[in-house]
Amino acid sequence: HDDVLLAKSISLGRTVTIITLTAMLLAVTFLFAILRKLLIRPIQKLGQAAREVGRGHVLVPIDIDSRDEIGELATTFREMGENLHHYHEQVRYVAYHDNLTGLPNRLMFMDYLNRATTAARREQQGLAVLFLDIDNFKRINDTLGHQTGDKLLEAFADRLSKQLRETDIVSRPTVEDAPNVFARLAGDEFIILLPRTTATSEAEKVARRILKSLSEPFNITMQELHVSTSIGIALYPEDGNTAGDLLKHADIAMYHAKKLGRNNYQYFSKKLNEASAEKLKIENKLRHALENKALELHYQPQVNLVTGQLSGVEALLRWEDPELGKVSPAVFIPIAVEFGLIVQISEWVINEACRQAQQWITAFNFPVIMSINISAVHFNGNSLESMIADALKTSGLNPGNLELEVTETSILQDLNQAGQTLDTFKNMGLQLALDDFGTGYSSLSYLMKLPFDKLKIDQSFIFNLKKDSKGTAIVAAIINLSHSLGMHVIAEGVEQEEHMQMLLQMHCDQVQGYYISRPLTAGQFEEFVRQRNRQSA
Ligand code: C2E
Ligand code: MG
Ligand code: MG
């Protein structure tokens, strides 16, 4: 009996021990789990965050939001990170900016230039660097003192920033892949980066604008200071492949500008300097030609393909200079636009074309439409509107007999403005033709919303007309589309009989080109009309 009792109590003892041990084990595991969640993990997280901060990532997220001491520690840690970040930003700002003008400094500029050259290489685009140095700045500094010198630098930076902002240049870029940059290199040296600049005329335009903006004196401490600058231009890829080379070559070009008498701009490459000198020469002579009424209009007939009747004439400018010989309008019109001569030229063309058209209408008694070419600049003001109204009034020409040819590319420069201006012309009763269609890669659907009466298919498409070719299919498609939108179509540059036939089959309305006639002087045109009248009689 005792044995049984003993055995039972031992087994009971074991059970109690097992239960106790299990309970203790559970308690310890549980405690450890709690400890781990509340203490060890957060401390590990903080440790990790500290390591991140040590590596310079000061804004690391820490996901601890308990309300105990650990939570407080995490909050403090976060604040520390934010303060550090703010401090970093300040250091960065100071390191990357010039503290007198607030412009980006050399370091930041080189950073941008490096990135811009890499991007230009990748995207196969060009860019321009303009190096500026204020003329005679040392003399101002020496005679008027450093304080005045500093004030002048500030005012200079300010005026140029404003000027450049109008050409979309950001002087305080914030975005990583910045657009255009205006920076101060050192002393009186400033620099401009124009990324994605493929046309040299863009860099030149900016340079000329800067020089012009300096014609007004600066008012510094009660005195008027007249300041000019010399500008050197280097282009990627022509003048250098790396940021360093571009900067060096823009600098050399700037010295060249100084040597040539200051207050001007020069390219690094000789060829471009020659080109811009040539342009200046043309501009000068063109100005004289305009004053001396040495410009002329020639007229190219436009013919209705179905009836064979004369439907209109396009007025084309001609200029022959005693020294330069015949200069093509394709050459001198862009120069006239660049140098601001185009408004005067257009005024002359409009008046002369209206006068001539009215005279022919009276003389020949036929409803000829006079077509004139209009350049893009006019879309920026309303001078053209009143110019045309005046010319119509003076000549007595009916607005319906005047057609304006506007190129696709000129419309694209400012779609909204162009749309408004075209509406105004339409309301005046003028005919509108879209010139050089197909060369501007524009959105067809947009162009079709503009109030054009006529579409001129560019010569290049006509030259490519061959039986069963892709080019032919494109021309056919343009003609069909225009017709379905209620527009007439005229083909330019028709030189061959075969093309005439093809265009007729495709239902093109009118043709213009050497096959019918080259552009003619007024006298020749009259002869042309008389001869046709004789033939049809
Ligand atoms: P555009 O308006 O496209 O004029 C057509 C050009 O093609 C003219 O050149 C004309 O002589 C030429 N052409 C005509 N038929 C043929 C042909 O069958 N084959 C070939 N290969 N060419 C032909 P042009 O007279 O040298 O004028 C060139 C451009 O200059 C014009 O292109 C126009 O954009 C501009 N332009 C001419 N006169 C004026 C003007 O008074 N004001 C403005 N703003 N621009 C003008
Ligand atoms: Mg034209
Ligand atoms: Mg054309």
Quiz prompt | Residue match in the range 457-477 (condition: small (G, A, S) and within 15 Å of ligand 1 (Cβ to nearest atom)) | solution = yes
Quiz item: Before we move on, is F30 modelled with pLDDT of 90 or more and either open to solvent by less than 100 Å² (accessible area, probe 1.4 Å) or out of contact with any strand residue (DSSP E or B) (no Cβ under 7 Å at 6 or more places or on another chain) (or both)?
Solution: yes
Quiz item: Wholly within the range 279-395, which strands (runs of 3 or more DSSP E) include no fewer than the required count, namely at least 1 residues that are surrounded by 14 or more Cβ atoms within 10 Å (Cβ to Cβ), at pLDDT 90 or above and within 16 Å of ligand 3 (Cβ to nearest atom)?
Solution: 295-304, 310-321, 369-374
Exercise. Test each condition in (1) near ligand 1 (Cβ under 9 Å from one of its atoms); (2) free of Cβ contacts under 8 Å to residues at least 40 places away in the same chain for E323 and report the one that comes out false.
Key: (1)
Practice problem: Hey, could you check the range 497-516 for residues that are buried (at least 19 other Cβ atoms within 10 Å of the Cβ) and either within 15 Å of ligand 2 (Cβ to nearest atom) or among the polar types (S, T, N, Q) (or both) and say which is farthest from M487 (Cα to Cα)? | Solution: G513
Practice problem: Kindly provide the set of residues from the range 115-139 that are under 30 Å from S228 (Cα atoms) and within 21 Å of the chain's Cα centre (by Cα), ordered by number. | Solution: A116, T117, G126, L127, A128, V129, L130, F131
Quiz item: Among the residues of the range 451-480, which ones are polar (S, T, N, Q) and either within 13 Å of ligand 3 (Cβ to nearest atom) or in contact with a strand residue (DSSP E or B) (Cβ under 6 Å, 6 or more places away or on another chain) (or both)?
Solution: Q459, S460
Self-check item: Matching residues in the range 402-417 - criterion: being among the aliphatic types (A, V, I, L, M) and either under 26 Å from Q512 (Cα atoms) or within 16 Å of ligand 2 (Cβ to nearest atom) (or both)
Solution: L402, L404, V406, I411, L412
Self-check item: Options D239, D188, D168; residue that is modelled with pLDDT under 85 and among the charged types (D, E, K, R)
Solution: D168
Practice problem: Could you look through the range 186-201, keep only residues that are part of a loop (DSSP other than H, G, I, E, B) and crowded, with 16+ Cβ neighbours inside 10 Å, and pick out the one that is nearest to the chain's Cα centre (by Cα)? | Solution: T197
Exercise. Return yes when E527 is touching a residue at least 12 places away in the same chain (Cβ under 8 Å) and either more than 16 Å from ligand 2 (Cβ to nearest atom) or out of contact with any Leu (no Cβ under 9 Å at 6 or more places or on another chain) (or both) and no when it is not.
Key: no
Exercise. Considering each residue of the range 419-458, count those that are within 11 Å of L404 (Cα to Cα), in a helix (DSSP H, G or I) and not hydrophobic (A, V, I, L, M, F, W, C), and give that number.
Key: 1
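Let's see how each residue does on (1) of a type outside the set (A, V, I, L, M); (2) open to solvent by 40 Å² or more (accessible area, probe 1.4 Å):
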| position | (1), (2) |
| --- | --- |
| F182 | yes, no |
| L214 | no, no |
| P217 | yes, no |
| H226 | yes, yes |
| T229 | yes, no |
Self-check item: In the range 396-438, residue surrounded by the most Cβ atoms within 10 Å (Cβ to Cβ) [restricted to those that are small (G, A, S) and away from ligand 1 (no atom under 14 Å from the Cβ)]
Solution: A418
Quiz item: Do you know which residues across the range 440-462 are away from ligand 2 (no atom under 16 Å from the Cβ) and loosely packed, with under 15 Cβ neighbours inside 10 Å?
Solution: Y441, S443, L444, S445, Y446, K449, P451
Exercise. Working only within the range 240-262, note down all residues that are at positive phi and open to solvent by less than 80 Å² (accessible area, probe 1.4 Å).
Key: G240, G261
Self-check item: Members of the range 219-241 found to be farther than 23 Å from A119 by Cα and in contact with a helix residue (DSSP H, G or I) (Cβ under 9 Å, 6 or more places away or on another chain), listed by number
Solution: N219, I220, T221, Q223, L225, V227, S228, T229, S230, I231
Quiz prompt | Residue that is nearest to ligand 3 (Cβ to nearest atom) [pool: residues in the range 401-423 that are over 16 Å from K449 (Cα atoms) and among the hydrophobic types (A, V, I, L, M, F, W, C)] | solution = L404
Quiz prompt | Subset of the range 59-78 (residues that are assigned to a helix (DSSP H, G or I), of a type outside the set (G, A, S) and open to solvent by less than 100 Å² (accessible area, probe 1.4 Å)) | solution = I70, L73, T75, T76, F77, R78
Quiz item: Since S469 meets every condition but one in (1) exposed (fewer than 13 other Cβ atoms within 10 Å of the Cβ); (2) within 33 Å of the chain's Cα centre (by Cα); (3) not basic (K, R), which condition does it not meet?
Solution: (2)
Quiz item: If we scan the range 530-537, do we find a residue that is without any contact (Cβ under 8 Å) to a residue 60 or more places away in the chain and open to solvent by less than 50 Å² (accessible area, probe 1.4 Å)?
Solution: no
Quiz prompt | Residue check for G493: surrounded by 14 or more Cβ atoms within 10 Å (Cβ to Cβ) and assigned to a loop (DSSP other than H, G, I, E, B) | solution = yes
Quiz item: Could you list, in sequence order, the residues of the range 94-109 that are in a helix (DSSP H, G or I) and either among the hydroxyl-bearing types (S, T, Y) or under 19 Å from D188 (Cβ atoms) (or both)?
Solution: Y96, R106, L107, M108, F109
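The values are calculated or read from the model by the stated rules, or taken from the named source; none is laboratory data. Note that this is a predicted model, so its numbers are computed, not measured. No Cβ is skipped: glycine too gets one built from the backbone with ideal geometry, and neighbour counts run over all protein chains shown. Accessible surface areas use protein heavy atoms only, side chains included; no ligands, DNA or RNA. Shrake-Rupley method; radii C 1.70, N 1.55, O 1.52, S 1.80 Å.
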